[in-house]
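This report refers to the structure that appears directly beneath it.
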Amino acid sequence: MNLPSHVDVCVVGGGQSALALGYYLRRAERERQRRGHPPLSVVLLDRRDGPGGAWLDAWPSLRLFSPAGYSSLPGRLMPTPADGTAPDAAHVVAYLADYEQRYDLDVRRPVVVEDLVGAEDGRGPTEVRTDHGHVQARAVVNATGTWDRPFWPRLPGIEQFAGRQLHTHDYRGPDAFAGKRVLVVGGGNSGAQIAADLLGTAQAVHWVTREPPRYLPDDVDGRVLFEVATRAVRARAAGEQAEGVGSLGDIVVVPPVRAARDRGELHADPLPERLTRHGATWSDGHSVDLDVVVWATGFRPALGHLRGLDLPRRRGVPVTVAPEGATSEMRSADGSPLWFLGYGDWCGAASATLIGVGRPAKEVAADVVAHLDSPG
Ligand code: FAD
């Protein structure tokens, strides 16, 4: 595959965040053309074989937190599934594939971005180095998600455990666990959903969490979370204190989680003190035998391709700032032509959701275009 040698904007990633940005760059392009500017050259580079980003790897029972109408990217409503149920991952993948075609987004796949080399003067083009050659880009937006960087915590004994260990990243449904004794580690949505998913197939499911699980109220779904996040953004922009989504709880009570909880089968124990060769032990002396440990312990932003840039970091992620008039802190604080989109709170409240990425994507597009149009 040939890549363009020079572009105005290179987007690293081709998932939902990258597509939302592509949509707003298309809109900005039309506006600029009316003012006599030439077309914008934009390329999206994605390591996957096909459209869908992280949704390509979801397990069969995974359903969206919200109805289709509240899970849409800008410009195009997600259709409701024909049977009226909550959309599954295949439905999202089909929607994203249609979206990128509809807006004629130039996504090149599979292309792995390996490295970025910034201009010496900090203003010139950035060299985007890939496994298919190099691209010089006047602006680079990182929209690589978190799915490619699963987080494995350190629990004593992890190396001694003789059974299978896997991360949410590699969980593809309960069938492979028939008759197995499984420890599911993690108190977030993946942990609750995987524990509920395994009940009835695995021989035993032990769900363990660092803190007692914090369920959101049963009537709270992605719509409410988005409204809370929106209110928090507005309040912070007005200089007021605001409770974010995290204050409500961690676990959305999707139907399979609610059913398992209401049957009294979904309960969490504290983390074990250590893993042993054949199981886990707790500080009170009790232990269980295990065949498998599933680490539902979250993800970190997939930013390995930035390791050569020596960006200032805070809490493990590059330091970002909100350009004037924007609510999202999505531009690299060192002034280089580098933006971040879709990783969650540190670069835009609710930006890691389908409905929530629209606002930060619009702000990134506006700031990128302002950068391209600025003299010098
Ligand atoms: P991704 O979808 O991960 O896309 C990033 C793309 O960039 C990928 O294709 C990746 O392979 C590619 N990439 C990464 N690094 C490179 C590189 N170096 N070079 C080239 N390409 C690269 N969200 C909702 O809105 N509603 C829900 O109901 C919902 N439920 C969820 C349930 C679970 C259990 C989980 C784990 C997540 C859920 N999410 C939900 C969140 C959602 O799945 C993700 O936040 C979303 O996929 C993020 O989109 P993205 O485009 O930022 O990243």
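In percent, how large is the relative contact order of region 27-119, given Cα pairs closer than 8 Å and 6 or more residues apart? Here the relative contact order equals 39 percent. Each part gets one Cα centre, and for region 106-175 versus region 317-376 those centres are 19 Å apart.
Once the C-beta distance of Arg30 and His267 is scaled by a Förster radius of 56 Å, the resulting FRET efficiency is 0.55 to the nearest 0.05. Positive-end ranking of Pro337, Val369, Gly52 along the dipole of the chain, with charges on Cβ about the Cα centre, is headed by Val369. Measuring only protein heavy atoms, the 1.4 Å probe finds His134 accessible over about 100 Å².
Taking square-rooted eigenvalues a ≥ b ≥ c of the alpha carbon gyration tensor, is the chain rounded, prolate or oblate, where a/c under 1.5 means rounded and, failing that, a/b exceeding b/c means prolate?
Working: a/c = 1.91, a/b = 1.70, b/c = 1.12.
Prolate, because a/c is 1.5 or more and a/b exceeds b/c.
Answer rounded, prolate or oblate for region 26-163, using the Cα gyration tensor with square roots of eigenvalues a ≥ b ≥ c: rounded when a/c is under 1.5, else prolate when a/b is larger than b/c, else oblate. Judged from the Cα gyration tensor, region 26-163 comes out oblate (a/c at least 1.5, b/c at or above a/b). About its Cα centre, the chain has a charge dipole of approximately 340 debye under the convention of +1 per Lys or Arg Cβ and -1 per Asp or Glu Cβ, with nothing else charged.
What number comes out for the charge environment of Pro174, summing +1 per Lys or Arg and -1 per Asp or Glu over other residues with Cβ under 11 Å away? That sum, taken over residues with Cβ under 11 Å, equals 0. Between 0 and 90 degrees, the angle of helix 222-237 with respect to the longest Cα principal axis of the chain falls at about 50 degrees.
Look at the dipole of the chain built from charges on Cβ: of Ser328, Leu62, Gly188, the Cα furthest out on the positive end belongs to Ser328. Using a cutoff of 8 angstrom between alpha carbon atoms and counting only pairs six or more residues apart, the relative contact order for region 261-376 works out to 11 percent. Remark: the Leu166-Arg210 segment gains 14.0 nm on full extension, using 0.36 nm per residue and subtracting the alpha carbon distance.
Projecting the Cα atoms of Val317, His267, Ala18 onto the charge dipole of the chain (Cβ charges, centred on the Cα centre) puts Ala18 farthest toward the positive pole.
The mean sequence distance of close C-alpha pairs (under 8 Å, at least 6 residues apart), as a share of the length of the chain, puts its relative contact order at 21 percent.
Checking a compactness column here: for region 258-329, what do you get for Rg(Cα) / (2.2 N^0.38 Å), N being the number of residues?
1.88
Between Arg149 and Gln136, full extension at 0.36 nm per residue minus the direct alpha carbon distance yields a gain of 2.1 nm. Hey, any idea what % of region 26-95's accessible area is carbon plus sulfur with a 1.4 Å probe? Result for region 26-95: 53 percent of the exposed heavy-atom area is carbon or sulfur.
By accessible area of protein heavy atoms, probe 1.4 Å, what ranking do Val42, Val293 get, highest first? Kindly include the intermediate steps, with their values, before the conclusion.
Details: Val42 35, Val293 0 Å².
Result of the area sort, largest leading: Val42, Val293.
Arg261 contributes about 60 Å² of solvent-accessible surface, heavy atoms of the protein only, 1.4 Å probe.
Using the 1.4 Å probe convention, the accessible area of the chain works out to 47 Å² per residue with neighbouring protein chains retained.
Protein-only accessible surface at a 1.4 angstrom probe places the residues Ile158, Ile194 in the order Ile158, Ile194, largest first. When a 1.4 Å probe is rolled over the protein heavy atoms, the share of accessible surface on region 258-361 that falls to carbon and sulfur comes to 46 percent. Assuming a ≥ b ≥ c are the square roots of the Cα gyration tensor eigenvalues, decide whether region 127-193 counts as rounded (a/c under 1.5), prolate (otherwise, with a/b larger than b/c) or oblate. Prolate, since a/c reaches 1.5 and a/b exceeds b/c. Give me the accessible area of Leu199, 1.4 Å probe, in Å² rounded to the nearest 10. Number for this one is 40 Å².
How far, in nm, would the chain grow between Asp98 and Trp59 when pulled straight, counting 0.36 nm per residue and subtracting the alpha carbon separation?
Extra length from Asp98 to Trp59 when fully extended: 11.9 nm.
The values are calculated or read from the model by the stated rules, or taken from the named source; none is laboratory data. This is a predicted model, so every value here is computed, not measured. Positions of Cβ are generated from backbone atoms using ideal geometry, with glycine treated the same way; all protein chains shown enter the neighbour counts. Quick note on the areas: whole protein, heavy atoms, side chains included, nothing else; ligands and nucleic acids left out. Shrake-Rupley method; radii C 1.70, N 1.55, O 1.52, S 1.80 Å.
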